[in-house]
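Colleague: Mind having a look at this structure? Questions to follow.
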Protein chains: 2
Amino acid sequence: MTVSARDARPEAAVAAARTLTRCRDLVRPALAAAVERLHPWPGEMAAFSLGWCEVGGRPTEGGVEGKGVRQALAVLCAEGAGAPGEQALDGAVAVELVHTFSLLHDDIMDGDGMRRQRATVWKAYGTGPAVLAGDALLALAVQILAGTPGPHAAAAVGRLSGTLTGLVRGQAEDLLFAARPWTGPDAVRPGEYRAMAELKTGTLLGCAAALGGLLGGAPPRTVSALDRAGRHLGVAFQAVDDLLGIWGDPAVTGKPVHSDLRQRKKTYPVLAALAGSGRHARELAALLDAPLPLDDAGAVRATALVEACGGRTATLEEARHHLDAARTCLRGVPLAPRAACEIEGLLAFLLHREV
Amino acid sequence: MTVSARDARPEAAVAAARTLTRCRDLVRPALAAAVERLHPWPGEMAAFSLGWCEVGGRPTEGGVEGKGVRQALAVLCAEGAGAPGEQALDGAVAVELVHTFSLLHDDIMDGDGMRRQRATVWKAYGTGPAVLAGDALLALAVQILAGTPGPHAAAAVGRLSGTLTGLVRGQAEDLLFAARPWTGPDAVRPGEYRAMAELKTGTLLGCAAALGGLLGGAPPRTVSALDRAGRHLGVAFQAVDDLLGIWGDPAVTGKPVHSDLRQRKKTYPVLAALAGSGRHARELAALLDAPLPLDDAGAVRATALVEACGGRTATLEEARHHLDAARTCLRGVPLAPRAACEIEGLLAFLLHREV
């Protein structure tokens, strides 16, 4: 197996896209009703961030929405537990709200002005309002889950709150990585990066899957396995993102070629490459340490060096390993076959992006 | 009764201060343990905001801490329910963490660079890190309450999440008030201001009291009454703050004389004054509408006009009315006499500040 769209059968991609659409259509009314509960001002910012409206509130025409992976995982895992997907709606809404919260606040912290080919919320509405809107989304997510009917509200909120503290911890680590050196004893080790990715990306995917299972009535062992599967998915997802950030096609990613290297982002391929001690690793470290920005030639050379040091191979291996681990988690517990098949199809689709 | 320290008997003030100290000492180890659970970076910002350390982590010498009203209310209301105050510790910690979160994020939104005679967190650490620290505090508050032992975790988190959405809604209104005109159909009416104050200040005080009652085992009717008492306290508290913001002694408030008028803040005394239609109200509106900043003479004149229009009297009346309403709520339910006495003493002390 390789992590590449070249190996993904077109019909599998169509099936995965159909799964995402089905789940998005199922969750949308509840998500829209949740956003309606917000004060109109943060409500508009939330709708803008979700790709539903322009600044001022006019509905978008053909706006770019997220894939909705988190809501889909929640729905599919409830179905995996033998329940109708509707039973996971509060969980699905909560994880999408938390995801939107984290995009809003992370974009402020990272200073990112563009997301999905449009301005980020802080860029469009101002920093203070974007802080407010993120807070509103976070509070609403907790409120919706705390009010979910049935016996699982307390356990669900417990999971969500653990996820929130994990998310924040991962974001703290990610911000601190930027200030650390490329080499020497204080350099970021690939294992630290993996732990950060699990917190920053994996906890919420794990929470989405676990909440789906929990609200669908799955036994605790299954809920734990779903959580672990989601965490592995998060690490694999981050690895693929890192590959796309260096070797991705600008026409697909919407970013310049070698984007992450030009920005000198500490990503897995670079950290894995620098963990070696050969000539190429030293040349790469010198390039990244140079005071001037990387020009085109520098970015091309750095990319070649990351590859020569095995950074690309190690990252592909990382993605494959965690995708396999996610599958192992899923296959170790009883899940309704059709849902299990859709979940696995989704995992493969998400990780078989063009790298 | 007047709302003035001149009428507060010194022994009552000493007793109230003793109550606050007793509750702070009771809660401190649990609050410190909670802050220890944070990632060290947001953890330091939280400790800085709580007045426990300087930038870099060195413990403060004689730092200025908050009064700890929210934690005290939680402890006292548990005692009012006949339980030891310790039973409310998770609630007390959660409301102090939420209070700290709201200070951190509100200071960003309001652009306030100073609080309690030192730099605010965003000023000392940067905006992005302050957003992160606020998020960390909010997540931790939910996590602590979701994990509180005994049968009340779900109800407690439900209350806290409703409080969070209320807090954010109040902050949204407060920010939007600044952009509205002083007069005409879009002017902020005193009733709107009161509703904002109840959300922004009252909900968390109400939550503190209600969580104390809930965790202390009080019946639902008592918990509701404690919540309502806290909300009234919040409105009264805001009214007194507004009086201090105009007529407070700079030596006590740490702000310039007539501070809120110089900054043209829309506070209750001004809005109540402008709700009239006489000559003085028109002159006040013209002063506040002028494009130039208010100079000393302008601030003195505006202060005199607010007073002449009855703004000060109306605000005193507002504070008294809501303090009385809080007392009525408390007296309508059975509370352990000693705790009830301490709560009432605290209320009177808080509102008998020098105005």
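The values are calculated or read from the model by the stated rules, or taken from the named source; none is laboratory data. Predicted model, so just to flag it, every value in this text is computed and none were measured. Positions of Cβ are generated from backbone atoms using ideal geometry, with glycine treated the same way; all protein chains shown enter the neighbour counts. Areas reflect the complete protein model, heavy atoms only, side chains present, ligands, DNA and RNA absent. Shrake-Rupley method; radii C 1.70, N 1.55, O 1.52, S 1.80 Å.
Conditions (1) farther than 26 Å from residue B:154 by Cβ; (2) of a type outside the set (D, E, K, R); (3) more than 19 Å from the chain's Cα centre (by Cα), marked per residue:
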residue: B:183; (1), (2), (3): yes, yes, yes
residue: B:186; (1), (2), (3): yes, no, yes
residue: B:191; (1), (2), (3): yes, yes, no
residue: B:202; (1), (2), (3): no, yes, no
residue: B:206; (1), (2), (3): no, yes, no
residue: B:210; (1), (2), (3): no, yes, no
residue: B:222; (1), (2), (3): no, yes, yes
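Colleague: Which of the following residues is modelled with pLDDT of 95 or more, open to solvent by less than 40 Å² (accessible area, probe 1.4 Å) and of a type in the set (Ser, Thr, Tyr): A:4, A:49?
Modeller: Step by step, each of A:4, A:49 is checked, and only A:49 is modelled with pLDDT of 95 or more, open to solvent by less than 40 Å² (accessible area, probe 1.4 Å) and of a type in the set (Ser, Thr, Tyr).
Colleague: Then there's this: State yes or no: is residue A:269 in contact (Cβ under 8 Å) with a residue 12 or more places away in the chain and farther than 17 Å from residue A:347 by Cα?
Modeller: yes
Colleague: Just the residues that are outside any loop (DSSP other than H, G, I, E, B) and among the hydroxyl-bearing types (Ser, Thr, Tyr), please, taken from segment B:240-281.
Modeller: We begin by selecting, within segment B:240-281, every residue outside any loop (DSSP other than H, G, I, E, B); these are B:240-247, B:250-253, B:259-262, B:268-274, B:279-281.
Of everything in segment B:240-281, those that are outside any loop (DSSP other than H, G, I, E, B) and among the hydroxyl-bearing types (Ser, Thr, Tyr) turn out to be B:253, B:259, B:268.
Colleague: Let me ask something additional. If we keep just the residues of segment A:164-192 that are of a type in the set (A, V, I, L, M) and without any contact (Cβ under 8 Å) to a residue 24 or more places away in the chain, which is surrounded by the fewest Cβ atoms within 10 Å (Cβ to Cβ)?
Modeller: This residue is A:179.
Colleague: Here are B:231, B:159: which of them is in a helix (DSSP H, G or I) and within 20 Å of residue A:146 (Cα to Cα)?
Modeller: B:159
Colleague: For residues that are closer than 24 Å to residue B:165 by Cα and small (Gly, Ala, Ser), scanning just segment A:79-108, find the one that is nearest to the other protein chains (Cβ to nearest Cβ).
Modeller: A:102
Colleague: While we're on this one: Looking at segment A:109-138, which of the residues that are surrounded by 24 or more Cβ atoms within 10 Å (Cβ to Cβ) and at the interface with chain B (Cβ under 7 Å from one of its Cβ atoms) is farthest from residue B:157 (Cα to Cα)?
Modeller: In the first step, residues of segment A:109-138 are kept if they are surrounded by 24 or more Cβ atoms within 10 Å (Cβ to Cβ); the result is A:121-122, A:130-138.
Now drop any that are not at the interface with chain B (Cβ under 7 Å from one of its Cβ atoms), which leaves A:131-132, A:135-136, A:138.
On the way: A:131: 22, A:132: 21, A:135: 16, A:136: 16, A:138: 13 Å.
Among those residues, the one meeting the criterion is A:131.
Colleague: Within segment A:72-99, which residues are open to solvent by 10 Å² or more (accessible area, probe 1.4 Å) and under 26 Å from residue A:202 (Cβ atoms)?
Modeller: Answer for segment A:72-99, where residues must be open to solvent by 10 Å² or more (accessible area, probe 1.4 Å) and under 26 Å from residue A:202 (Cβ atoms): A:79, A:81, A:82, A:83, A:87, A:89, A:90, A:96, A:99.
Colleague: Failed condition for residue A:129, given (1) at pLDDT 95 or above; (2) more than 21 Å from residue A:23 (Cα to Cα); (3) in contact with a helix residue (DSSP H, G or I) (Cβ under 6 Å, 6 or more places away or on another chain); (4) not charged (D, E, K, R), with all others met?
Modeller: Just one mismatch for residue A:129, condition (3).
Colleague: Consider segment A:171-180. How many of its residues are more than 9 Å from chain B (Cβ to nearest Cβ) and assigned to a helix (DSSP H, G or I)? Working first, answer last.
Modeller: Of all residues in segment A:171-180, those more than 9 Å from chain B (Cβ to nearest Cβ) come to A:174, A:177-180.
From the residues that got through so far, the ones that are assigned to a helix (DSSP H, G or I) too are A:174, A:177.
Matching residues across segment A:171-180 total 2.
Colleague: Follow-up question, since we're still on this one. Within segment A:112-156, how many residues are in a loop (DSSP other than H, G, I, E, B) and under 30 Å from residue A:219 (Cα atoms)?
Modeller: 6
Colleague: Next question. Can you tell me how many residues in segment A:288-303 are within 12 Å of residue A:183 (Cα to Cα) and either touching a Ser or Thr at 6+ places or on another chain (Cβ under 7 Å) or surrounded by fewer than 17 Cβ atoms within 10 Å (Cβ to Cβ) (or both)? Reasoning before the result, please.
Modeller: Residues of segment A:288-303 that are within 12 Å of residue A:183 (Cα to Cα), as a first pass: A:288-289.
The next check asks that each one be either touching a Ser or Thr at 6+ places or on another chain (Cβ under 7 Å) or surrounded by fewer than 17 Cβ atoms within 10 Å (Cβ to Cβ) (or both); those that pass are A:289.
Qualifying residue count, segment A:288-303: 1.
Colleague: Taking segment B:325-342 as the region of interest, how many residues are within 18 Å of the chain's Cα centre (by Cα) and over 19 Å from residue B:72 (Cβ atoms)?
Modeller: Summing the residues that are within 18 Å of the chain's Cα centre (by Cα) and over 19 Å from residue B:72 (Cβ atoms) in segment B:325-342 gives 1.
Colleague: A follow-up question, please. Is one or more of the residues making up segment A:48-60 of a type in the set (Asp, Glu), within 14 Å of chain B (Cβ to nearest Cβ) and free of Cβ contacts under 8 Å to residues at least 40 places away in the same chain?
Modeller: no
Colleague: Here are B:141, B:154: which of them is modelled with pLDDT of 95 or more and either touching a helix residue (DSSP H, G or I) at 6+ places or on another chain (Cβ under 6 Å) or more than 9 Å from chain A (Cβ to nearest Cβ) (or both)?
Modeller: Details: B:154 fails: modelled with pLDDT of 95 or more.
After applying the criteria, what remains is B:141.
Colleague: Another one. If you go through segment A:330-352 one residue at a time, how many are open to solvent by 20 Å² or more (accessible area, probe 1.4 Å), of a type outside the set (Asp, Glu) and within 19 Å of residue A:237 (Cβ to Cβ)?
Modeller: Residues that pass the stated criteria total 4.
Colleague: Continuing with this model, one more query. Just name the residue that is nearest to residue B:152 (Cα to Cα) out of those in segment A:159-181 that are under 21 Å from the mean Cα position of the chain (by Cα) and small (Gly, Ala, Ser).
Modeller: So, considering only residues that are under 21 Å from the mean Cα position of the chain (by Cα) and small (Gly, Ala, Ser), the one nearest to residue B:152 (Cα to Cα) is A:161.
Colleague: In this structure, does residue B:195 turn out to be out of contact with any strand residue (DSSP E or B) (no Cβ under 9 Å at 6 or more places or on another chain), at pLDDT 95 or above, open to solvent by 10 Å² or more (accessible area, probe 1.4 Å) and not in a helix (DSSP H, G or I)?
Modeller: Details: out of contact with any strand residue (DSSP E or B) (no Cβ under 9 Å at 6 or more places or on another chain): yes; at pLDDT 95 or above: yes; open to solvent by 10 Å² or more (accessible area, probe 1.4 Å): yes; not in a helix (DSSP H, G or I): no.
Considered against the rule, which asks whether it is out of contact with any strand residue (DSSP E or B) (no Cβ under 9 Å at 6 or more places or on another chain), at pLDDT 95 or above, open to solvent by 10 Å² or more (accessible area, probe 1.4 Å) and not in a helix (DSSP H, G or I), residue B:195 comes out as no.
Colleague: Another question about this same structure. Do any residues in segment A:99-112 that are within 17 Å of residue A:265 (Cβ to Cβ) and modelled with pLDDT under 95 have Cβ atoms under 7 Å from those of residues that are among the β-branched types (Val, Ile, Thr) and surrounded by fewer than 24 Cβ atoms within 10 Å (Cβ to Cβ), where the two are at least six apart or on different chains, and which pairs are they?
Modeller: Sorted first by the residue in segment A:99-112, then by its partner, the pairs are A:112/A:120.
Colleague: Continuing with the same structure: Go through segment A:282-319 and report how many residues are in contact (Cβ under 8 Å) with a residue 12 or more places away in the chain, not in a helix (DSSP H, G or I) and not aliphatic (A, V, I, L, M).
Modeller: Residues flagged as in contact (Cβ under 8 Å) with a residue 12 or more places away in the chain, not in a helix (DSSP H, G or I) and not aliphatic (A, V, I, L, M) within segment A:282-319 amount to 3.
Colleague: Considering only segment B:218-228, state which residues are open to solvent by 10 Å² or more (accessible area, probe 1.4 Å) and in a helix (DSSP H, G or I).
Modeller: B:220, B:221, B:224, B:227, B:228 - these are the residues of segment B:218-228 that are open to solvent by 10 Å² or more (accessible area, probe 1.4 Å) and in a helix (DSSP H, G or I).
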